[in-house]
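S.K.: Right, I'll just put the structure down here and ask away after.
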Amino acid sequence: MTMNFQPILGAEHKRPLLIAGPCSAETEEQVLQTARELAPQGIDLFRAGIWKPRTRPGEFEGIGTPGLAWLRRVKEETGLRTTTEVANTQHVFEALKYGIDVLWIGARTTVNPFSVQEVADALAGVDIPVLIKNPVNPDLKLWIGAIERVYKAGIRRIAVIHRGFSHHGETRYRNVPRWQIPIELKRLFPDLPILCDNSHICGRRDTLQAVAQQALDFNYDGLMTEVHPTPDAAWSDAAQQITPAQYGLLTQQLHFRESGAEDPAFLQNIDHLRHQIDDIDEELFQMLAQRMKLAQGIGEYKKRNNIAIVQPARWNEIVERATAKARTQGLSDDFVEMVLRAIHEESIKQQSKVLHGEAV
Ligand code: PEP
Ligand code: MN
């Protein structure tokens, strides 16, 4: 479907668009203090979660409607426009009643077409900008589907927020960026503004700067960052929040790029390919480490049962299965055998250590 988007904060608005504020509204004082310290820094929108979609019940699930009055005060006192997450009809109605300026749909809502449709239906006939975060799973179609549902409700001021994708196993990110997905979205919809939520991608403070810069280098239109007056004491997402002063430093140190969305550098930038390679290498070595742990377990078993470490029949079976499978994916037999041999040698070494009672 063809979609024509309008700028979310007016055509004259400068880029990049900066959104900052706490993960959650906790107390009136915390909300107002953050806003007072952020307002002089020239941010464009003040964020605070009022209803929080938490992974496990029992975690802080948001202050609810009373927090909306605090956001109204933020606007009255500082002039900052405000934004909050909505996930159902009641959230939309309450947020509109309190004059919230911009709504966002969270990653755990974007995954569910029923919920997105419910929010879209609640928005029919309302003229308000809506930001749509990527779904937690790396599914571009689902993200586009959410954009279409909101668009069909008559909303034209739409932007998307890239907050990374959930991932099994350890990585240096809380949510892996998979830059190629938002970049593909931008290729399909060049006038759809895209913002980077570096806080939820990183999950920690020390990488916020690098990820924000990466997004700007990819020609993103802005950033959403979590800021809290006392981050360590935050009721949600403590590890990734920074103080207003730290936020000031972060934005001062960013290099803003001038190029437009049609800049070919955006699409041809090899950095995003390099990033993907780095992510895959990280996964590869984690999986190899896991494989070695399993081999050590087998080593223990062989030791208890007095079985020889090298089992040629099993080895042949592994090589045959892997080469056949890899061949269908365009990998040569030689290459696969070489990789497997290196892995096998390392497992044998580790199993021998187990057999001889050495620490592995
Ligand atoms: C948030 O912005 O605090 C939030 C809950 O984010 P996400 O939807 O990206 O998980
Ligand atoms: Mn958060």
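The values are calculated or read from the model by the stated rules, or taken from the named source; none is laboratory data. A quick note: this is a predicted structure, and the numbers were derived from the prediction, not measured. Glycine also receives a Cβ, built like all others from the backbone with ideal geometry; neighbour counts cover every protein chain displayed.
S.K.: Quick one: in region 3-24, of everything that is over 20 Å from P129 (Cβ atoms) and assigned to a loop (DSSP other than H, G, I, E, B), which residue is farthest from the chain's Cα centre (by Cα)?
M.R.: P22
S.K.: Can you give me the number of residues within region 38-59 that are over 14 Å from E226 (Cβ atoms), within 13 Å of ligand 1 (Cβ to nearest atom) and modelled with pLDDT of 95 or more?
M.R.: Looking only at that region, the number is 2.
S.K.: Looking at region 25-37, which of its residues are assigned to a helix (DSSP H, G or I) and either within 16 Å of ligand 1 (Cβ to nearest atom) or surrounded by fewer than 17 Cβ atoms within 10 Å (Cβ to Cβ) (or both)?
M.R.: Selection gives E28, E29, Q30, V31, Q33, T34, R36.
S.K.: Name the helices (runs of 4 or more DSSP H) wholly within region 173-220 that hold at least 2 residues that are surrounded by fewer than 19 Cβ atoms within 10 Å (Cβ to Cβ)?
M.R.: Qualifying helices (runs of 4 or more DSSP H): 180-188, 208-217.
S.K.: Here's a follow-up. Kindly evaluate L223 against the criterion of being within 15 Å of ligand 1 (Cβ to nearest atom) and either in the same structural domain as A159 (by TED's automatic domain parsing) or within 26 Å of E29 (Cβ to Cβ) (or both).
M.R.: It is true that L223 is within 15 Å of ligand 1 (Cβ to nearest atom) and either in the same structural domain as A159 (by TED's automatic domain parsing) or within 26 Å of E29 (Cβ to Cβ) (or both).
S.K.: OK, next. Within region 263-282, identify whether any single residue is at pLDDT 95 or above, in a helix (DSSP H, G or I) and within 15 Å of the chain's Cα centre (by Cα), and answer yes or no.
M.R.: no
S.K.: Among the numbered criteria (1) surrounded by 21 or more Cβ atoms within 10 Å (Cβ to Cβ); (2) small (G, A, S); (3) within 16 Å of ligand 2 (Cβ to nearest atom), which one does A159 miss?
M.R.: Every condition holds for A159 apart from (3).
S.K.: Sticking with this one: Would you mind finding the one in L192, L123, L131 that is within 16 Å of ligand 2 (Cβ to nearest atom) and modelled with pLDDT of 95 or more?
M.R.: L131
S.K.: Would you call R341 closer than 30 Å to R178 by Cα and of a type outside the set (F, W, Y)?
M.R.: Judged against the criteria, R341 is not a match.
S.K.: Please specify each residue of region 221-241 satisfying the condition of being more than 14 Å from ligand 2 (Cβ to nearest atom), farther than 17 Å from P16 by Cβ and part of a loop (DSSP other than H, G, I, E, B).
M.R.: Those that are more than 14 Å from ligand 2 (Cβ to nearest atom), farther than 17 Å from P16 by Cβ and part of a loop (DSSP other than H, G, I, E, B): P229, T230.
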